[in-house]
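The values are calculated or read from the model by the stated rules, or taken from the named source; none is laboratory data. This one's a predicted model, so the numbers in the text were calculated from it and none came from an experiment. Please note: Cβ atoms are built from the backbone with ideal geometry, for glycine as well, and neighbour counts cover all protein chains shown.
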Amino acid sequence: MGFVQDFTILDRPYELVAAEVRGGIGVLLGAGIEATRAEGERLRVKVAPAGWPGVLAKTVEVRSGPVRARGNGQVVGFSWEAARGASLFPRLDADLEVAPFGIGETVLEIQARYEPPAGPLGRGSDRLVLHRLAESTVRAFLHAIASNLAEQP
């Protein structure tokens, strides 16, 4: 199993960010990630490492759980799975946590787990290169959410 984690600090008070997070992952992604669209109950998003051409991005279906309290912050669980070619792209299960950080700042953190595809061959590829791609993709996803939250009034 692969594990990736990243965080960023927002220069916005926790109370304002927490109010946005209560809207769920769909609200957080709405304006923050290009090519986001709702299809029925499914939210589709293109994900890729930062700087990659759009043609190399993968469309994933994002599902989220309810927002819940954790310590002095909030967390929303979510997963993503490739809309097509799921056997070549791992399902990712993650938590997005927000918590107060200093005066007028908020920390956003993603902790994610995934199972590399293709059994032992996939696990070997993950150790060599795919894990870095997963880290970069999660980082780009987190920074897109942070950018969206930073633009809110």
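Points to keep in mind about this one:
- For the range 112-142, filtering for residues that are at pLDDT 90 or above and either in a strand (DSSP E or B) or over 19 Å from Asp93 (Cβ atoms) (or both) leaves 2.
- Look at (1) touching a residue at least 24 places away in the same chain (Cβ under 8 Å); (2) under 20 Å from Arg22 (Cβ atoms) and you find that Arg68 fails only one, number (1).
- Within the range 15-68, the set of residues being hydroxyl-bearing (Ser, Thr, Tyr) and modelled with pLDDT of 70 or more comprises Thr59, Ser64.
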